[in-house]
Amino acid sequence: MFRVFSLYPLIAIIKPMKNRENKLALGGAFENQIEYCNEVISLNRGKYPKFYIRTLGCQMNEADSEQLMGMLIEMGYQPWDKIEEADFIIFNTCCVRENAEQKLYGHIGELKALKSKNKDLITALCGCMMQQEHVVEKIKNSYHYIDIVFGTHNRYRLPELLHKRLTSNKRVFEIWEDNKGIAENIPVARQDKISAFVPITYGCDNFCSYCIVPYVRGREVSREAKSIRKDIEELAKEGVKEITLLGQNVNSYNSTMNFPQLLHYLSDISGIERIRFMTSHPKDLSVELIEAIRDIPSLCKHIHLPLQSGSSSVLKMMNRKYTKESYLSLISLLKEEIPHISISTDIIVGFPGETEEDFLETLDTYEKVGFDFAYTFIYSKRTGTPAAIKKDQVPDDIKSERFNRLIELVNRLTEQSNKADENKVLKVLVEGKSKTDPNYYTGRSESNKIVNFKADKDFTGTIVDVKIIKAHSWHIEGEIL
Ligand code: 5AD
Ligand code: SF4
């Protein structure tokens, strides 16, 4: 059942379904899907249909798509990078902000034309956006050329859903309201040979008042530490050097151990040279975690710690459960314990009720922390969240004006942070040749900065010393030592 297709060079590692007999966290789970995989193979009668997956949104969606690819390969499908030649197309959707949703309707339009050219084409939509009832209704009623719709909790049932579609010729809609547990042992087609995402929790219990994630990804569940370790050991055997532990709030990981204990438990896997994690919630960043980052050599000295707003009153309205002052104290502690730690963040401008003074507090906090990098967002109203029904929405022109001022500060401090690296020697995990300049290789520093450097030998997959010679806005440039 295990094949590797050479047609798609990006997919380098295919994790076969090993230990299928092992206990599954979710009753029945993927075990029951194996017979559907076999049936789909026989329905396709010796053909290897082509599939194309487009992933929108965050790293969690990327990790989910790697599982979808793994299952499709298990069913005899082959990855294909030209959408117009594919026999099966999946869009894995995101709804964290409105523009992601709007974009999807554009993408769906593409499918109509493709479907009219190829009557055998099967189309599917999945992911966060499909967990919203009003979206599913719209797809049901207005987009008849979509064949399969499923959500985030039941994606491991793709073989069954595809089988249903192939045998009944009817459209298939299946959405579950919440997690019923975690399906383990799903095959994964890894996109990257060197660096891999490993989900450790699914869902979120925090209910920040602007955020749709808890509604579409359900309650937080943590994977068993042993299953996580087993996955990483397999990845290490396949040559992966860096793993990023993923969760909406990894700090609240809770199984037989807490998150800092998990980090210690995973820290001695031979071959794994770097461990990263994201995302952290400031309210759950414990002293024990700070000590783990300080003490575990393979843990990158970098933390992504979303601030969202620098105003304590906005933070209260956001239901973030920390204040400007407590956030700044955490930063002081982090810097005290780990002097060269790099810190990045997420900021939202224009949350309902945000005043000019509140916004100035955000700029002030940003400057005080001296963040190395930030993802910046304009507040986007999400139906079903408490913030969406607040009366004091900030007008669009004020939101954009604040956003531009924030970007200016972010860019200035990022450039300052890059400049501070000039003449330093940084450890860089080499990812391969630069896509923009064939004379250069590219990799990432421990602080997660992109480092481009000239080298006459290929060091892909190893950590090398690079002396930084020039800072740019979005990367730093150096020479290998
Ligand atoms: N509007 C704008 N940004 C949002 N985020 C989450 N929800 C919204 C929203 N409704 C941002 C937060 C989060 C990041 C992943 O997306 O900053 O940390
Ligand atoms: Fe959304 Fe808050 Fe959960 Fe992050 S922690 S996913 S912002 S609810």
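The values are calculated or read from the model by the stated rules, or taken from the named source; none is laboratory data. Given the structure is predicted, the values throughout are model-derived calculations rather than measurements. Don't worry about glycine lacking a Cβ; one is built from the backbone with ideal geometry, like all the others, and counts go over all protein chains shown.
Of the residues in the range 327-343, at least one is modelled with pLDDT of 95 or more and in contact with a strand residue (DSSP E or B) (Cβ under 6 Å, 6 or more places away or on another chain). Among the residues making up the range 213-237, those that are within 16 Å of ligand 1 (Cβ to nearest atom) and in contact with a strand residue (DSSP E or B) (Cβ under 8 Å, 6 or more places away or on another chain) are Arg217, Glu220.
Within the range 440-481, the set of residues being among the hydroxyl-bearing types (Ser, Thr, Tyr) and either closer than 29 Å to Arg294 by Cβ or in contact (Cβ under 8 Å) with a residue 40 or more places away in the chain (or both) comprises Thr442, Ser445, Ser447, Thr460, Thr462, Ser473.
When Tyr375 is tested against (1) free of Cβ contacts under 8 Å to residues at least 60 places away in the same chain; (2) over 30 Å from Lys424 (Cα atoms); (3) within 16 Å of ligand 1 (Cβ to nearest atom), exactly one condition is not met: (2). When Thr385, Thr414 are screened for being among the hydroxyl-bearing types (Ser, Thr, Tyr) and away from ligand 1 (no atom under 12 Å from the Cβ), only Thr414 passes.
Just checking, does the range 297-309 include any residue being more than 16 Å from ligand 1 (Cβ to nearest atom) and within 18 Å of Ile228 (Cα to Cα)? Walk me through how you get there before you give the answer.
To start, the set of residues in the range 297-309 that are more than 16 Å from ligand 1 (Cβ to nearest atom) comprises 297-302.
Filter once more, so that each one left must be within 18 Å of Ile228 (Cα to Cα): 298-299.
Yes: one or more hits.
Determine whether Ser344 is of a type outside the set (Asp, Glu) and touching a His at 6+ places or on another chain (Cβ under 6 Å). If you could, list the steps in order and put the result at the bottom.
Details: of a type outside the set (Asp, Glu): yes; touching a His at 6+ places or on another chain (Cβ under 6 Å): yes.
Yes; evaluated as a whole, the condition is true for this residue.
Based on this model, can you work out whether Thr345 counts as under 20 Å from Phe377 (Cβ atoms), touching a Pro at 6+ places or on another chain (Cβ under 8 Å), β-branched (Val, Ile, Thr) and within 16 Å of ligand 1 (Cβ to nearest atom)? For Thr345, the condition - under 20 Å from Phe377 (Cβ atoms), touching a Pro at 6+ places or on another chain (Cβ under 8 Å), β-branched (Val, Ile, Thr) and within 16 Å of ligand 1 (Cβ to nearest atom) - is met. Which members of the range 176-219 meet the condition of being part of a loop (DSSP other than H, G, I, E, B), among the basic types (Lys, Arg) and within 14 Å of ligand 2 (Cβ to nearest atom)? Listed by number, the list holds a single entry, Arg219.
Looking at the range 48-162, the helices (runs of 4 or more DSSP H) lying wholly inside it that each contain 3 or more residues that are touching a residue at least 12 places away in the same chain (Cβ under 8 Å) and either in contact with a Pro (Cβ under 8 Å, 6 or more places away or on another chain) or crowded, with 23+ Cβ neighbours inside 10 Å (or both) sit at 59-74.
Looking only at the range 167-188, which residues are of a type outside the set (S, T, N, Q), on the phi > 0 side of the Ramachandran plot and in contact with a helix residue (DSSP H, G or I) (Cβ under 6 Å, 6 or more places away or on another chain)? None - no residue of the range 167-188 is of a type outside the set (S, T, N, Q), on the phi > 0 side of the Ramachandran plot and in contact with a helix residue (DSSP H, G or I) (Cβ under 6 Å, 6 or more places away or on another chain), so the list stays empty. Ile11 satisfies every condition listed in (1) touching a strand residue (DSSP E or B) at 6+ places or on another chain (Cβ under 6 Å); (2) at pLDDT 95 or above except (2).
Of all the numbered requirements in (1) modelled with pLDDT of 95 or more; (2) over 19 Å from the mean Cα position of the chain (by Cα), Trp176 misses one, and that requirement is (1).
Test Ile108 against the stated conditions and say whether it is β-branched (Val, Ile, Thr), at pLDDT 95 or above and farther than 25 Å from Asn179 by Cα. First the steps, then the outcome.
On the way: β-branched (Val, Ile, Thr): yes; at pLDDT 95 or above: no; farther than 25 Å from Asn179 by Cα: yes.
Criteria not met by Ile108.
Taking Asp397, is it touching a residue at least 24 places away in the same chain (Cβ under 8 Å) and of a type in the set (D, E, K, R)? Step through it out loud before you land on a result.
Details: touching a residue at least 24 places away in the same chain (Cβ under 8 Å): no; of a type in the set (D, E, K, R): yes.
No, not satisfied.
The residues of the range 250-305 that are in a loop (DSSP other than H, G, I, E, B) and among the acidic types (Asp, Glu), listed by number, are Asp268, Glu273.
Please work out if Arg165 is surrounded by fewer than 21 Cβ atoms within 10 Å (Cβ to Cβ), assigned to a helix (DSSP H, G or I), more than 20 Å from the chain's Cα centre (by Cα) and touching a residue at least 24 places away in the same chain (Cβ under 8 Å). Answer is yes for this residue. Entry remark, the range 363-402: residues being out of contact with any Gly (no Cβ under 9 Å at 6 or more places or on another chain), more than 16 Å from ligand 2 (Cβ to nearest atom) and small (Gly, Ala, Ser) number 1 in total.
Looking across the range 453-462, just one residue is farther than 26 Å from Ser344 by Cβ and not in a loop (DSSP other than H, G, I, E, B), and that is Lys454. Residues in the range 273-284 that are over 20 Å from the mean Cα position of the chain (by Cα) and either crowded, with 19+ Cβ neighbours inside 10 Å or away from ligand 2 (no atom under 14 Å from the Cβ) (or both): 1 in all. Val240 meets the stated requirement of being touching a residue at least 12 places away in the same chain (Cβ under 8 Å), away from ligand 1 (no atom under 16 Å from the Cβ) and either assigned to a loop (DSSP other than H, G, I, E, B) or buried (at least 21 other Cβ atoms within 10 Å of the Cβ) (or both).
Considering Asp392, Asp421, Asp437, Asp397, which residue is acidic (Asp, Glu) and modelled with pLDDT under 95?
Working: Asp392 fails: modelled with pLDDT under 95; Asp421 fails: modelled with pLDDT under 95; Asp397 fails: modelled with pLDDT under 95.
Only one candidate qualifies: Asp437.
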